[in-house]
Amino acid sequence: MNGVEAYAAAVAGELASPAFQAELERLRKAAASGSIEDLLAVAKKLSGMGEAADREAFGWFLRAAEKGSPEAMLRVGVALFHGVPVPADKDAAGRWLDRATQAGHPMAAAVKATLFGG
């Protein structure tokens, strides 16, 4: 097993663990409130935990972005630019990065300039 495979196996094991799943369920229930903080907590818990988890995380980030979270707007924009874990959409990515900038995210304009070469 190479390093990437070992890492993927470790992540899968953590994701499947009862403790992780219990915490995730608690966070999902809290996120039903719709608060940005709770939506971000679920997204961050899932982020980096494999392809399916990353797709779910994107959905939580998108909900938080739609509610006005500058951090979530930035993450949605970057994900859409790169096409991971959702299909790439550079136009939508640019709009989300502009919204993050307008909402006051301190790095959004620089990230957009880096990604779009401007």
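Per DSSP helix of 4 or more residues, -39500 (n - 2.57); summed, then divided by the residues of the chain. What does that give at 222 nm, rounded to the nearest 500? Write down the numbers at each step before the final one.
On the way: 7 runs with 90 residues, N = 118.
Dividing the helical sum by the residues of the chain leaves -24000 deg cm²/dmol.
One Cα centroid belongs to the range 99-118, the other to the range 1-22; the line between them spans 33 Å.
Between Ala19 and Ala88, the modelled label-to-label distance comes to 3.9 nm, taking each label 7 Å out from Cα in the direction of the beta carbon. Can you list the residues of the range 4-46 with backbone N under 16 Å from a point 7 Å past the Cα of Ala103, pointing along Cα to Cβ? Within reach of a label on Ala103: 34-44. Working from label points 7 Å from Cα in the Cα-to-Cβ sense, the Leu115 to Ala10 distance is 2.9 nm.
FYI, it's all coordinate maths here, none of it is from the lab. Quick caveat: nothing in here was measured; it's all calculated off a predicted structure. Positions of Cβ are generated from backbone atoms using ideal geometry, with glycine treated the same way; all protein chains shown enter the neighbour counts.
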